[in-house]
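The next block holds one structure in the form of structure tokens; read it before the comments.
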Amino acid sequence: MNDHAISLVRESFDLVTPITPQAAALFYANLFEADPQLKPLFKGDMVVQGHSLMQILELAVNMLDQPHVLVPALQDLGRHAGYGALDHHDDTVGGALLKSLRRGLGAPWAPEVEEAWAEVYGVLAGTMKEAAEVPA
Ligand code: HEM
């Protein structure tokens, strides 16, 4: 990702930081609306789950320019196959994330901000997927 895209992502995530519990709740509401079949895959406490998701997003946003830190953290999440996550869920999750950011931030949401976030999601999902495919 280029520096400009990274700055756009960081500036928009600064608006999320003070409202992470609400942002997480909005994300899961959007996700389960998009695909109600995903709901039973989440077996734990959704507040805790939302916190974990926001933590990894925060790490990703901070470490976009430091792949040696980001990539191992994402590789750990390659265990998603064990949660019942399938390839086609990637688009549903990415769509719900962008929708939540677009609706939740209430800030001007330029197409280039959305494109930058789509790129971030692509990096996250792609790295997790590669890790899941490589035998340990
Ligand atoms: C960039 C994409 C994603 C990120 C960063 C992400 C992040 C996380 C994190 C941090 C957790 C907490 C538990 C753990 O550390 O293992 C988690 C759990 C989970 N994720 Fe994801 N995830 C992503 C994509 C997906 C997709 C595509 C699905 C598809 C269904 C999914 C389904 C789940 C489920 C079901 C759990 C919880 C399992 C349980 O309740 O025991 N995730 N995810």
Out of A96, A136, sole residue that is more than 8 Å from the ligand (Cβ to nearest atom) and at pLDDT below 90: A136
Cβ-Cβ under 8 Å pairs, at least 6 apart or on other chains, region 1-30 side farther than 24 Å from G126 by Cβ, far side outside any helix (DSSP H, G or I): L15/A107
Qualifying residue in region 55-63 (condition: surrounded by 12 or more Cβ atoms within 10 Å (Cβ to Cβ), touching a residue at least 12 places away in the same chain (Cβ under 8 Å) and farther than 24 Å from L8 by Cβ): no
Within region 66-110, considering residues that are small (G, A, S), touching a Leu at 6+ places or on another chain (Cβ under 8 Å) and surrounded by 17 or more Cβ atoms within 10 Å (Cβ to Cβ), the one farthest from L38 (Cα to Cα): G104
Candidates D76, D65, D87, D91 - the one that is within 12 Å of the ligand (Cβ to nearest atom) and not in a helix (DSSP H, G or I): D87
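The values are calculated or read from the model by the stated rules, or taken from the named source; none is laboratory data. Source: prediction; values computed, not measured. As a convention, Cβ positions derive from the backbone with ideal geometry for all residues, glycine included, and neighbour counts pool all protein chains shown.
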